[in-house]
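The values are calculated or read from the model by the stated rules, or taken from the named source; none is laboratory data. If you're wondering where the values come from, they're calculated on a predicted model, not measured in any experiment. When the accessible area is computed, the model is the full protein with side chains, heavy atoms only, and any ligands, DNA or RNA have been set aside. Shrake-Rupley method; radii C 1.70, N 1.55, O 1.52, S 1.80 Å.
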Amino acid sequence: MVTVTSSAQKNLAGAIKNDSEVGLEVQMTRSGGKHRDIRDSPIIPSAFFGNSRAPADYEGGRIHFLELGLYARLIGPTFFLFSGLYSHAGTAARAPPGATTVSKTAIRDVLILYPSSFYHDGRASFTFAAGVDQSWARQLRPEHTHPKSVARYDGSKNRLDCNETNFVRDGPGIMSRPSLMNFAGRGLLQDTVSVLRQIPGVYKVQVAQNDYLHSISYEDENDPQIRHTLDEWPLAPSVASEDPLSNDAARAKAVKDYDALRAHEAASIPFCRHVEAEKARPCGRTRKGKGKRAGSPVEEGSVSSLRFTAGAAQKTLLAYKILLKKRTKLVLW
């Protein structure tokens, strides 16, 4: 039943005196009075679970189906299926005739599972997973899921688009076909891994990275009879470092080699040598802190915070001399 219903509602209401005319809507508002669940799916029934708790001489309450002229008494555990698109209403548990007080432990207890038409018709959005930070979540929207709204790869105007420039749309104008397809496939793989990392570690989730990439193919630019799969990626990310398919060691070595090369090349660039030594941000670029007010001082060591003190000027002059010597040697050779 959980696989065909999308939401659940727990209804609790106290008992009333036997001769009371107070309707259940006083305690449960709309859900207790006459109503129709107009957002229910017509092809799947609602599931009703009743388990009223009251003394033996109490009536546990009722549910009424108005068009049919029927009602069901909630005596002990009760279960049945019905369409919420029919008018229905409930009545509270009642004390026995003549009782002047009502037991506070007498409860009409009902759980209903609803089959949302939005869910079954493909019009619902799902909060799928967390985004890259705590400010947003990934959504599965009808544009992603419904067969009638998913844009097909046919060059039609129905293809998804946005106002921002992006690689998927604009890539064909600046990249070769293999480059664009490999970039898009690797981006999807990284996004997939990002989502799967949110699943508890005890699941031991694995992704066969190259199988993932090989599952994507595209037509050759010159011969429509030839299809290519994406290139393998030796530095592809994995869900967990203990994954047998993990490339974490190779990825760590690549980062270390890059950092060493970056430091080596920056050593001969004016304004960057001493910045690199202090492990500041890349030369020529500063990054505003989140929530930082205009006019706030930037972090010490960034390019914008350099001041031409005697020490800084001396370091800059030294960098120029080294660069000049290297260039002179190159010209003389």
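Annotations for the structure displayed:
- For the stretch 67-131, the convex hull drawn through the C-alpha positions has a volume of 179 cubic angstrom per residue.
- q = 0.10, 0.12, 0.22 Å⁻¹: log10 I(q)/I(0) that the Debye formula gives for the stretch 19-162, counting C-alpha atoms only: -0.54, -0.68, -1.33
- Residue order by solvent-accessible surface for D19, D220 is D19, D220, largest first, with ligands and nucleic acids left out and a 1.4 Å probe.
- Accessible heavy-atom area order of Y119, Y71, highest first, probe of 1.4 Å: Y71, Y119
- Extension gain, S103 back to R197 (0.36 nm per residue minus Cα-Cα distance, nm): 28.7 nm
- Cα gyration tensor, the stretch 171-278 - rounded (a/c under 1.5), prolate or oblate: oblate
- Within the accessible surface of the stretch 1-153, defined with a 1.4 Å probe on protein heavy atoms only, the carbon and sulfur portion equals 57 percent.
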